[in-house]
Amino acid sequence: RLVPARALGSRKHKKFVKLAKGYRGRTNCFRIAVQRVEKAWQYAFRDRKVKKREMRKSWIRTINAGSREHGVAYNRLICGLRTADIDLNRKVLADLAVSEPHSFAAVVATVRAHDPYLSAQSSKPAAGPLDGLEASRYRWFYDQRGGGDDDVEDPPAVAA
């Protein structure tokens with residue numbers, strides 16, 4: 001059966017107008033509908049990559065929170081995993097940290113045993129937010145300002 005040439009063009013027009021339904025702009029106009037659909041395809045292509053980036057960032061945040069509960073920073077945990085020859089990716093580690101905290105604690109303990117820096121530290125997490133390196137940074141800052149000498153007592157006042 002012979003199909004007129006205009007029928008094929010009309011089918012293409014209808015397809016693009018249907019794809020552009022709900023987009024901003026006059027989508028009943030073919031030329032604008034084509035522009036909107038092509039822009040949507042560009043956004044979809046870009047955001048497929050952004051989605052992967054965002055998921056990785058989310059896994060890293062979860063692992064960091066879980067590892068800091070055990071007194072280990074994220075970068076030390078990842079470095080220790082390589083040293084201990086443990087091949088767990090970030091997705092699995094994040095899932096362990098959320099759904100299997102005891103298994104995650106065992107992984108952190110294994111990392112702590114293999115990393116010389118972590119094994120030298122105590123296995124207990126820091127008692128407060130300003131312990132360790134952060135405290136030394138604040139101490140340095142206050143020493144530079146000329147204040148913060150809480151350790152030094154004032155000399156006793158001499159009665160006149």
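The values are calculated or read from the model by the stated rules, or taken from the named source; none is laboratory data. As the structure is a computational prediction, the values presented were derived from the model and not from experiment. Positions of Cβ are backbone-derived with ideal geometry, glycine not excepted, and every protein chain shown enters the neighbour counts. Side chains included, ligands, DNA and RNA excluded: accessible areas come from the protein's heavy atoms. Shrake-Rupley method; radii C 1.70, N 1.55, O 1.52, S 1.80 Å.
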Discussion item. To the nearest 20 Debye, how big is the dipole of segment 63-124 about its Cα centre, given +1 on the beta carbon of each Lys and Arg and -1 on that of each Asp and Glu?
Written reply: 200
Item to complete: Just list whichever of 14/52; 18/51; 15/49; 12/57; 12/91; 15/52 have alpha carbons separated by over 32 Å in the model shown.
Response: 14/52; 12/57; 12/91
Discussion item. Ignoring ligands, DNA and RNA, please state the percent of accessible area on segment 54-102 from carbon and sulfur, probe 1.4 Å.
Written reply: 50
Practice prompt. Please calculate how many Å² of accessible area segment 1-75 carries per residue, with a 1.4 Å probe and no DNA, RNA or ligand atoms counted.
Written response: 84
Discussion item. Using each residue's phi in segment 69-84, evaluate 6.51 cos²θ - 1.76 cosθ + 1.60 at θ = phi - 60° and report the 3J(HN,Hα) Karplus result to the nearest Hz, with x for Gly and Pro.
Written reply: 5, 9, x, 10, 6, 4, 5, 5, 5, 5, 5, x, 5, 5, 5, 7
Item to complete: Determine, for each peptide in 49-56, 107-114, the mean count of other beta carbons within 10 angstrom over its residues, then list the peptides with the highest first.
Response: 107-114, 49-56
Fill in: Under Karplus coefficients 6.51, -1.76 and 1.60, residue-wise ³J(HN,Hα) of segment 98-111 in Hz, glycine/proline x
8, 9, 10, x, 5, 5, 5, 5, 5, 5, 5, 5, 5, 4
Response to the item:
Residue by residue through segment 38-54, the couplings from Karplus 6.51 cos²θ - 1.76 cosθ + 1.60 with θ = phi - 60°, in Hz, x for Gly and Pro, are 5, 5, 4, 5, 5, 4, 5, 4, 5, 6, 5, 7, 5, 4, 5, 4, 5
Worksheet item: Measuring from the lowest to the highest alpha carbon on each principal axis, how far does segment 1-118 reach, largest first, in angstroms?
Response: 77, 34, 22
Practice prompt. Could you pull out every residue, at least 5 positions away or on a different chain, whose amide H is within less than 5 Å of the one on residue 73? Hs are placed 1.01 Å off N in the peptide plane, and Pro or chain starts have none.
Written response: none
